[in-house]
Structure formats: structure tokens, C-alpha cells
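The values are calculated or read from the model by the stated rules, or taken from the named source; none is laboratory data. Since the structure is predicted, the reported quantities are computational estimates derived from the model, not experimental observations. Here the Cβ positions follow ideal geometry from the backbone for every residue, glycine too, while neighbour counts run over all protein chains shown. In case anyone asks, the SASA skips ligands and DNA or RNA and just uses the protein heavy atoms, side chains included. Shrake-Rupley method; radii C 1.70, N 1.55, O 1.52, S 1.80 Å.
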Amino acid sequence: MKRLTVSVGQEDAGRRLGDYLRKPMGCSKRLISRLKNEPQGIMVNGLQVTVRYVLAAGDRVSIAQGPVRPLTMPVERRPLEIVYEDDFLLVINKPPQTAMYPRYRGEAGALSGAVLGHLARHGEPLGYFPHYRLDRDTTGLVVFAKSAWAAARLAGQPARKIYAAEVFGQVPATGSLTLPLAKDVGGLGRIWPHHAGKPARTCFQRAFYTDDRLFSGALIYLPTGRRHQIRAHFAQSGHPLLGDRAYGGPLLHHAHPALHVPYLQVAHPYDGRTLSLFHPLPATWSSSWPPAYRKEAPYVDYLTEALCRCASPAQ
């Protein structure tokens, strides 16, 4: 089993191990509790000790990097499109019509099965730790931690994602949608604006619109992360996503909602460096997107602008 090992510096001499695990190692209280019950879950200088152990300079603290919960999801041998991978992270391009989790115990076809199958093929500990979820038909970049420790480190540092969408009609050049969102009382799984809902803010910038103004391409940044937020906000504004039948979007060129995550930034759990990752728009999307948007640069520029202009909490 893989382990994470760090050497204690002089500045941390005299600290209790439990405090050191929480900070600077970044373990959550829940993870520490699980590691305490794992054989060789927490060790100092090769010996299993309690979290009350007092550290000395030069001590080597080691924690298990394998999963600390029983695995209940099926492992499937299906291909993944990998964008980035190292000892701590796996980043893939999620295909459409693929749920993040099985709907019921043992169901095949979810993304979890393919991720676990990839880890199994490469002799990695089998654990499923997505940093965030995407809807079943949303495509693009998804970040997975390879251990509970990496997942705990990521948890306090949300990924900054840029979405691309094709939407009905001609949207404004820039805008911000701020209606609060709540579950549809009809019980159909939809989300709609409602005064008693949760605050939500969707910031967007138009990339193009067709000559007949039938549809537009847009880049989107979310200061808040609500279920179906983009789909519900654009539908309410009169510009539903193409292919989004649940929210009134016309099919046109798409059989599912035209929503993709082409760009993100995430802080690496081990050393904190910023990873910037890009995956192009799907090949099936409209050729009306300007050539620049087939590359990374416009998304980097928009994220920088969005963080300055749009990242304050929804009012």
C-alpha cells in the first residue's frame, strides 16, 4: 500500500501528532479517525503510535494512502480519456450519458466503475474520490483524488472551472444571473428559480452567435455551485441549453445538454502548486465557435476576468 511520508522540522518539535496531522499535513478529523482504526494507518519512524505522541525534529510521520472504507461499487474494464495523472490525482474527460455514481448497488456503466477499473489495471489502491460532480450528460474535465488524504486536501480548495455551452437565441455579450434556486415541487428532479431557494450566481460571456441568431456559444463561471444551476438559470432567462429537453431546450445539433468543462485550475494536494488543465470542445459541437476557442487561451483570460468581476457571493 502506498504511503505518504514527511519529515518533521525543528519548528514542529514538541507538537502532538494529532495536531501535526491536521496541520500542516492537512488531514481532516474524519480521516484521522479512520486512519487510527486502519492497520499501520498512522506511523512514526516505522512504529504505530497514538495521536498523543509528541514529535521530535527529524521524526518521519507516515500515513496510509490506500482507501480506508470498504469498496461497494463495481470495478469495470472500460476505457478512460485521461488528461492528467500523477501519484495523487487523476483528471479525465467525462463522456456524455455517464452518471458519476451507480443509481443502485451493483449497477454498471457509471463513471465510478471505469475509474476503479483504471486504478485496478495499474495496481493502485481502489478508492473513488471525485473532487466535484458533473451532471450525467455534461462532458469535460473531472478531477479525482487517489486517496482519502488527497481528497481531504482538495476539499478546502474548490477547483475553478470554466464551462462552455451552446444556448438557444442571442444572449447578451456579458451578464450575471442571480435568481435563487430550489427543487421543482413537481418531483421531476428539476431545479427552478424560487424566492425561498438557495442563492445562486451564474456569470457568462458570449463567444459567438449565429447569423440567424438561432443560438449562441457562451463561456460560464459559477461563483456558487447548485445542482443544475447553469441549465435552470439559462432556461429561466429564455435561453435554454441546446439539447436540454428537461428545461425546454431545442435539440438542434444535440441529443443531450450542450455543456462542457474545457478548462480548470486546481491546487495540487501535495505541494499546492496550481494545475491548469484544458480539454477542447467536443468535435460534434458547432463550427461557429471562433478558432481561438479551440485552444486554451480564451478560457484562461475569461477565468481571470471572472474571478475579478463575478466571484463575489450572490446577493
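Note on the chain: GNM, Cα springs under 10 Å; of T304, T138, T274, the largest mean-square fluctuation is that of T304.
Summary of packing: across the peptides 96-102, 199-205, the per-residue average of other C-beta atoms within 10 Å ranks them, highest first, as 199-205, 96-102. Our helix-only sum for the chain, with -39,500 (n - 2.57) per DSSP H run of n ≥ 4 divided by its residues, gives a mean residue ellipticity at 222 nm of -5000 deg cm²/dmol. Listed options for mean projected area of the Cα convex hull in nm² are (1) 18.2; (2) 21.9; (3) 27.0. The value calculated from this structure is the one marked (1).
Dividing the radius of gyration of the alpha carbons in region 49-100 by their Kirkwood radius gives 1.16 for Rg/Rh.
Can you bin region 24-160 into rounded, prolate or oblate? Criterion: square roots of the alpha carbon gyration tensor eigenvalues sorted a ≥ b ≥ c, rounded for a/c under 1.5, prolate for a/b above b/c, oblate for the rest.
Note, shape of region 24-160 comes out prolate.
The residues of the chain present an accessible area of 48 Å² per residue when probed at 1.4 Å with all protein chains retained.
Left without a cysteine partner by the 4.7 Å Cβ rule in the chain: C27, C308. Considering only the Cα atoms of region 218-261, their convex hull presents on average a projected area of 3.2 nm².
Sorted by packing (mean other beta-carbon atoms within 10 Å per residue), highest first, where do 43-52, 239-248 land?
On the way: 43-52: 13.0, 239-248: 20.8.
So the order, starting with the most tightly packed, is 239-248, 43-52.
Which percent of the accessible area of the chain is formed by carbon and sulfur heavy atoms (probe 1.4 angstrom)?
Working: 7720 of 15110 Å².
Carbon with sulfur: 51 percent of the solvent-accessible area.
When each of the peptides 6-17, 259-270 is scored by the mean number of other C-beta atoms lying within 10 Å of its residues, the order from highest to lowest reads 259-270, 6-17. Look at the Cα gyration tensor of region 143-240: its axes a ≥ b ≥ c give a/c of at least 1.5 with a/b at or below b/c, and that counts as oblate.
For region 247-315, just say rounded, prolate or oblate: build the C-alpha gyration tensor, square-root its eigenvalues into a ≥ b ≥ c, call rounded for a/c under 1.5, and beyond that prolate if a/b exceeds b/c, oblate if not.
On the way: a/c = 1.98, a/b = 1.55, b/c = 1.28.
Cα axes put region 247-315 in the prolate bin.
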